[in-house]
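Read the structure below first, then the notes.
The values are calculated or read from the model by the stated rules, or taken from the named source; none is laboratory data. It should be emphasised that the depicted structure is a prediction, and the values quoted were computed from it without experimental measurement. Counting neighbours? That spans all protein chains shown, and the Cβs are built from the backbone with ideal geometry, glycine included. Side chains included, ligands, DNA and RNA excluded: accessible areas come from the protein's heavy atoms. Shrake-Rupley method; radii C 1.70, N 1.55, O 1.52, S 1.80 Å.
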Amino acid sequence: MPKRILVTGGAGYIGSHTVKRLLERGYAVTVLDNMENGNPLPFDVDFVEADIGDTPKVREILEGREIDAVVHFAASAQVAESVRDPRKYYRNNVLAGMGLLDGLMDAGVDKIVFSSSCATYGVPDAIPIDEGETQVPINPYGWTKLFFERILRDYDAAYGLRSVSLRYFNAAGADEDGEIGEMHDPETHVIPILLEVALGKRPGFSVFGTDYDTRDGSCIRDYVHVTDLADAHIAALEYLFKGGRTDAFNLGTGDGISVLELVDAVERITGKKLKVAMEARRPGDPAVLVADNRKAREILGWVPEKSSLDNIVETAWKWHSRKV
Ligand code: UFG
């Protein structure tokens with residue numbers, strides 16, 4: 001019998017790519033998503049439309065389907081919105097998440113992989129960022145992720161719920177088959193915005209800040225391909241099934257790319273010249289976020305093999321240009 005994994009938020013961007021990889025790898029999958037941010041999945045999978053905070057429903061799903069472990073993506077994930085409306089973030093990401101954990105524990109499920117974020121580090125003291133870096137978030141979104149990591153650690157100590165928290169850097173790119181990709185509403189992420197400019201759906205692109213202390217003055221981020229992220233969740237599940245202890249891992253490539261370098265890559269790969277304006281800094285953007293990924297490589301055996309800049313932009317372009 002294949003192991004059955006419950007994927008919360010499985011209709012979202014990273015969730016849907018993980019569901020696809022789990023199915024390809026022979027796992028049985030149940031998706032739980034309230035469809036607030038999700039998109040219908042283009043492949044066959046056991047799907048329940050419900051909220052993670054609905055503990056009786058979660059318990060019923062877990063007990064009825066003999067779930068072996070949970071991968072928990074469901075969350076609100078826009079930094080700026082979290083500053084405007086923190087109540088939504090603490091309610092969805094902490095309170096509803098605790099409801100999910102109640103359902104897990106009631107049903108005797110004791111393994112969970114959690115979507116955390118490099119936003120838990122705030123403005124880091126050192127680059128590249130390793131997992132020992134101080135975690136002082138600079139926005140409510142980051143705090144909700146950090147609180148949930150803390151809850152998971154305490155729940156292991158008290159109740160034996162083992163977990164892996166995966167701290168994503170900048171998720172990017174799309175499934176190589178062009179079947180699923182990144183689609184947010186509203187879109188705030190840099191690569192989809194650049195591609196929408198290339199497609200003529202937006203008049204131009206604004207570089208937020210050109211006076212940072214970086215090689216070209218624009219912000220540097222660590223873009224990691226969504227399929228590599230998906231594979232890290234499978235590695236984390238396998239680690240937990242083998243008895244691995246509760247821990248947290250950075251998921252990034254270790255290579256920083258600047259916003260201006262992204263503009264060049266998008267122009268080269270799409271063959272379109274973009275209208276680009278140099279604008280003021282966006283509040284709350286750290287100058288550089290780059291991962292030290294040695295821990296995930298060593299302990300999970302994870303290698304971000306699809307995360308070259310060209311592959312990220314090419315797969316994202318294939319997805320975005322297909323939608324026209
Ligand atoms: N950027 C622009 N112009 C745009 C959009 C973005 O110049 O139109 C720049 C941003 O200023 C930033 C970079 O592109 O320097 C990346 O911005 P994104 O909004 O794509 O991503 P962030 O780095 O802000 O956000 C990511 C994740 C969040 C996570 C955060 C941690 O998407 O989930 O990192 O800081 F919380």
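A compact table of results
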item: Estimated inter-spin distance, residue 280 and residue 322, nm [label 7 Å along Cα→Cβ]; result: 4.0
item: Stokes-Einstein translational diffusion, the stretch 99-139 - Kirkwood Rh over all Cα pairs, 0.692 mPa s, 37 °C, in µm²/s; result: 263
item: Kirkwood-type radius of the chain, with distances r between different C-alpha atoms, in Å; result: 20.0
item: Spherically averaged projected area in nm², based on the convex hull that wraps the Cα atoms of the stretch 205-255; result: 5.3
item: Karplus-derived HN-Hα couplings along the stretch 206-221 (A = 6.51, B = -1.76, C = 1.60, θ = phi - 60°), whole Hz, x at Gly and Pro; result: 9, 7, 7, x, 10, 10, 6, 7, 10, 5, 10, x, 9, 5, 10, 10
item: Gain in span if fully extended, residue 88 to residue 123, counting 0.36 nm per residue against the direct Cα distance; result: 10.2 nm
item: The stretch 67-187 shape via C-alpha gyration tensor axes, a/c threshold 1.5; result: rounded
item: From phi via Karplus (6.51, -1.76, 1.60), per-residue ³J(HN,Hα) for the stretch 109-120 in Hz, x at Gly/Pro; result: 8, 10, 9, 8, 10, 10, 6, 9, 8, 5, 5, 6
item: Burial order of peptide ranges 130-142, 1-13 (average beta-carbon count within 10 Å, highest first); result: 1-13, 130-142
item: Per-residue SASA entry for residue 117, accessible area with 1.4 Å probe, Å² rounded to 10; result: 10
item: Radius of gyration, Dmax [the stretch 3-144; alpha carbons; angstrom]; result: 15.7, 47
item: Expected 222 nm ellipticity per residue - DSSP helices of 4 or more, -39500 (n - 2.57), all of the chain, to 500; result: -11000 deg cm²/dmol
item: For the chain, built as a Gaussian network whose Cα springs stay under 10 Å, the top-fluctuating residue of 189, 233, 225; result: 189
item: Unsatisfied cross-links (Cα-Cα over 20 Å) in the set 3/306; 242/295; 111/145; 273/318; 201/273; 3/242; result: 3/306
item: Whether the stretch 206-324 is rounded, prolate or oblate, judged on the alpha carbon gyration tensor where a/c under 1.5 counts as rounded; result: oblate
item: Residue 44 accessible area, 1.4 Å probe, all protein chains in place, Å² to nearest 10; result: 140
item: Heavy atoms of residue 322 accessible to a 1.4 Å probe, total area in Å² rounded to 10; result: 150
item: For the stretch 1-78, the spread of Cα positions along each principal axis, largest first, Å; result: 37, 29, 17
item: Solvent exposure ordering (accessible area, 1.4 Å, most first) of 143, 317, 302; result: 143, 317, 302
item: Solvent exposure of the stretch 4-136 as accessible area per residue, Å², 1.4 Å probe; result: 41
